[in-house]
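Novice: Below: one structure in structure tokens.
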Amino acid sequence: MAETADYPRGVTFEDVWAMFKETDRKFQEEARVRQEEARERRQELDRRFAKTEKFMKKLGKQMGDLHNTFGEMAEHLVAPGIADRFNERGYHFDSIAPGGIKIRDSQGKVKAQIDLLLENGECIVAIEVKSRPKVKDIEHHIRRLEIFKEHRENRHEKPKKILGAIAGAIYGEVEQKAAADAGLYVLEQSGDTMRMKVPDDFLPREW
């Protein structure tokens, strides 16, 4: 004789089966809800990613525009009167190259970029322009001058003394001293022109 399930009194097989079906339905419904929530989360993440990507592209453009602004500042604010500041010290520069030069390696990669160059028959001053110079900018410019000197030597250009200067809209005392101690000329914005700020006993470093 076949065994039969021992159901509680008054509960039939159909009742149990209906309970299983209802449990399965609830399970399927909960699974569907979780899948829908996961899909919505993925969509939200996709939206946030797209928004972030758009923001980063916009930021990149703004940074590029800011870099161009510094270049324009070098060309339109610093360049016009900067030769005068040096000529007042007896240099007599007859050539000024605003807009900067790029020094590239043999593969065409930019190794260094100089914002302004003053030049005469014996001397060149390579000038870096910053809105607010930092001590690290001084270190970077020294390296830039070394690259520039090596570049000229490799091209067998006429030997000339190479001097360095850093021009800034806002200069801190610490940065001014660090630049002067490194043998770099300090140029700070004053109204619509630039003024040179170096100690009386300042000796420029030559490269």
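Readers should treat all values here as calculations from the given coordinates under stated rules, not as data from a laboratory. Keep in mind that what you see is a predicted model, and the values were worked out from it rather than measured. Cβ placement follows ideal geometry from the backbone for every residue including glycine, while neighbour counts extend to all protein chains displayed.
Novice: Report, ordered by chain and residue number, the aspartates and glutamates lying within cross-link reach of Lys54, taken as a straight Cα distance under 17 Å and ignoring same-chain residues fewer than 8 apart.
Specialist: The reachable aspartates and glutamates, counting only those whose Cα sits under 17 Å from Lys54, are Glu44, Asp46, Asp65.
Novice: Exposure proxy check: His92, His151, His141, His156 ranked by fewest other beta carbons within 10 Å?
Specialist: By the 10 Å Cβ count, ascending, the order reads His156, His92, His151, His141.
Novice: So for the pair Lys177, Glu36, with labels modelled 7 Å out along Cα→Cβ, what separation do we get in nm?
Specialist: So the two model labels end up 6.9 nm from each other.
Novice: Only four residue types carry charge here, +1 at the Cβ of Lys and Arg and -1 at the Cβ of Asp and Glu. Report the dipole size of the stretch 68-196 about the Cα centre in Debye, rounded to the nearest 20.
Specialist: Using only the charged Cβ atoms, the result is roughly 440 debye.
Novice: Work out the FRET efficiency for Glu153 and Leu45 from their Cβ-Cβ distance, taking R0 = 41 Å, and round it to the nearest 0.05.
Specialist: The computed FRET efficiency comes out at 0.15.
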